[in-house]
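These notes concern the structure reproduced below.
The values are calculated or read from the model by the stated rules, or taken from the named source; none is laboratory data. The structure presented is a predicted model; accordingly, all values stated were derived computationally and were not measured. As a convention, Cβ positions derive from the backbone with ideal geometry for all residues, glycine included, and neighbour counts pool all protein chains shown. In case anyone asks, the SASA skips ligands and DNA or RNA and just uses the protein heavy atoms, side chains included. Shrake-Rupley method; radii C 1.70, N 1.55, O 1.52, S 1.80 Å.
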Amino acid sequence: MSALIFYIFLIFIIVTISKANKAGKKSNYDKQYQELQKRYDQKRASQVQTLSAQPSQKTVSPRQEIKQSGHGVKQAGQAVKQPGQGTKSTVQKTSTTEYLQKKARMDQIEHAKEKREEMKRVNQKYGGNEVGGRYLLGDPIPRGMKIKYCPYCGAENLVPDHYYSGKDCYFCRTELK
């Protein structure tokens, strides 16, 4: 019995010491993290200030800059002046958010174009008819629709009540009659 009490007491002391060590390490890690966070915030703030301090200018290629400024053209009694000497570059980089928005718009346009081409191929391949809706067993039949069975595969297609012809089976693309 006394051995059991001794082991419980020993475990209690070890756990207390380990918690104290972890708490000390954690505070040290917290200090390092806070210092890194401050450095990052300062660096980010300086970048934002430099970007906001620059006036917005149109993007000009280096060749256009040379033509506009007249640098690089040798006149009588003058030395050739290079574009990087004594002039600031007028090329302005776009921000990340502007770039991402532009990229998203381009991707959206490209996706819509691909979708139209795919639908054109499907319609040409299968006679240009619309495809009937898929009916799943147990689903209620929507108002204004009825079930039409495919004569080839037997699939259940949802078609309008006033249906006569011009739809294909959703599964095998056979014309529904």
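Overview of results
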{"read-out": "Residues within region 140-159 that are in a loop (DSSP other than H, G, I, E, B), open to solvent by less than 70 Å² (accessible area, probe 1.4 Å) and over 23 Å from residue 119 (Cβ atoms), tallied", "value": "3"}
{"read-out": "Residue that is farthest from the chain's Cα centre (by Cα), among those in region 111-125 that are modelled with pLDDT of 85 or more and open to solvent by less than 100 Å² (accessible area, probe 1.4 Å)", "value": "117"}
{"read-out": "Residues located in region 126-139, provided they are loosely packed, with under 13 Cβ neighbours inside 10 Å, part of a loop (DSSP other than H, G, I, E, B) and either at pLDDT below 80 or of a type in the set (D, E, K, R) (or both)", "value": "127, 128, 139"}
{"read-out": "Which listed residue is open to solvent by less than 100 Å² (accessible area, probe 1.4 Å), among the polar types (S, T, N, Q) and at pLDDT 75 or above, from 42, 37", "value": "37"}
{"read-out": "When residues of region 160-177 are limited to those that are among the acidic types (Asp, Glu) and surrounded by 15 or more Cβ atoms within 10 Å (Cβ to Cβ), the one nearest to the chain's Cα centre (by Cα)", "value": "168"}
